[in-house]
Structures are given as C-alpha cells and as structure tokens.
Amino acid sequence: MTTPPHHHDRPAEPGSLRCPECDQPARPVPPREWPLAGFAARPGASHLDGTALCPVYGPHGAQPAEPVGAPARLAIWQAVRQNWLAHPEWTVPDHVAWLDGEGYDTDPIDSDPAEVIDRWLTEHRRTARPTAPPTATEARVYVVAGGDMVAVFDNPDAAGAQRMVMEAAGLDTIASALTPGQWDIAREILRAEHPDLVISDARPDATGQTA
C-alpha cells in the first residue's frame, strides 16, 4: 500500500495547479524519482502521482513543463477518481485520509463517507477499460551513471555489473529503470546540459552505441 501524501506535500490551495501538457492536476513538490539526479536539477513540480510533469521541447532540448494555474479544485468524487487512477492500490481509508488532509469537507455526503467512496471505487473498477497486455515498447531501459559516463542496457543484470565496475573505480553511481519514452526524454536533457557526457547504449536495437 502506498501511503497517501502528507499535509506538507500539498500545495497551499489543493487543485490550483495543473500540467499544461496533459491538463492533469499538479503540485509544487519535486518528483519522487528523478533519473537525472546529479546531472540536472530536480524539477520543482510534479503530477499527483509523484512523476515529473510532461516534457516540453525548447532551445535546450526536452525539459519538464512548468505548472500553470487552474481555476478550481476538483469535486470530491473527481478527486477520488483521480487518486484511484494514480494509486489503484489505495484502500478506502487511504482515500478518506487524503481527503481529510487536503481539507475536503465530506459532511455534505449523504451517508457514511467511507461507504460512499467504496461505492465510487467499485464503480470505477467496474467501468475501467481493460489494461492492455505489455508490449515490446513497454520494456524497461536500465541506466547507470557515474563520472562522465552514462551506460544504458536492456536488462538489469548487465546494468548491475556495470554499476559494480564503476563503483570499483571509485565513482559515485546512480541507477534507474525507465520506460523507453522516459529514457528518450532523459537523454535529450543530458545532451543539452552536459554536451561532453559520454552515453553508451548497449541495447542490441540501439541506433548508435555512443552519443
């Protein structure tokens, strides 16, 4: 179970920010995970699920978007659905705790809020579209960075071996598992901010071994 966001994680006025690319709610809290730690500054905003805001392209390559203001907060049922989409593992008490922490007034709900939220969640699950089976494009990309080099692999064992080599050489290393799309964005940011960085892509289907 993922713990719901604490009070200090939320913006001063919940729901007042959104991602300009996907139009989903945002918060002025850095992403929980940032694959470019040590190479690029962690963004100051994230989606409600803790991921970085959608990328935008500019003169320096891809960068996470800056949040923009939204006119109003979500209704209670909308907030529950949004959190269910971002955190499908949350239980009814998780949702109730989140609503309380965000200052939502559940008194107008006709009956017990927990019972109503449970019915909403049941309906969300019943009407949700089936999840498509994983495809080849959803494979993970394993990235290991240390010193002036970033190595990319298509399996965790090879990435782990590379990390051991880097650490044996006295380098501080970081490792991340990304989707191919996330890696494409991260690579562009790295190239823009660190033009001398060596990027070695060991995946068999990589178009170029180094960049």
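The values are calculated or read from the model by the stated rules, or taken from the named source; none is laboratory data. Not measured: the values here are computed from a predicted model. Cβ placement follows ideal geometry from the backbone for every residue including glycine, while neighbour counts extend to all protein chains displayed.
Worth a mention:
- For D118, the stated conditions hold: it is farther than 21 Å from Q24 by Cα and either in a helix (DSSP H, G or I) or within 21 Å of the chain's Cα centre (by Cα) (or both).
- Selection status of G44, at pLDDT below 80, assigned to a loop (DSSP other than H, G, I, E, B), of a type outside the set (D, E, K, R) and under 30 Å from E193 (Cβ atoms): no
- Within segment 26-40, being closer than 15 Å to A145 by Cβ and either buried (at least 17 other Cβ atoms within 10 Å of the Cβ) or among the aliphatic types (A, V, I, L, M) (or both) holds for W34, P35, L36, A37, A40.
- Inspection of segment 159-169 finds a residue satisfying the criterion of being under 25 Å from R32 (Cβ atoms), of a type in the set (A, V, I, L, M) and modelled with pLDDT under 85.
- Subset of segment 51-66 that is modelled with pLDDT of 85 or more and part of a loop (DSSP other than H, G, I, E, B) - its residue that is nearest to R81 (Cα to Cα): T51
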